[in-house]
Amino acid sequence: MFAKLKLPSVFAGLICIAVASATNNASAVTAEVAKKCSVLAANEFPPLVIGNPAAGRARGTPQEQRDYFNRCLENGGNIDED
């Protein structure tokens, strides 16, 4: 009985090791970079009513704001102005 369980267990273990080694290539975003990007995004897309986030933004769509923030994160907090 244990021989039957041994092969699937080894196979499952090898799959877990392969998946874990493949996903370790991603780099973590530091808190400092995320804060800097948040400030840059807030400056680029100012709120319509100060202190009321439900009022929306003076310019830009939510997708544009997310794209800007994500591009900032990808560049390590450095946004190149086109």
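Just so you know, all these numbers are worked out from the coordinates, no wet-lab data involved. As the structure is a computational prediction, the values presented were derived from the model and not from experiment. Cβ sites come from the backbone with ideal geometry, for glycine too, and all protein chains shown count toward neighbours.
Can you find a residue in segment 44-63 that is within 16 Å of the chain's Cα centre (by Cα), surrounded by 11 or more Cβ atoms within 10 Å (Cβ to Cβ) and in contact (Cβ under 8 Å) with a residue 24 or more places away in the chain? No, segment 44-63 has no match at all. Number of residues in segment 54-71 that are in a helix (DSSP H, G or I) and touching a Leu at 6+ places or on another chain (Cβ under 6 Å) equals 1.
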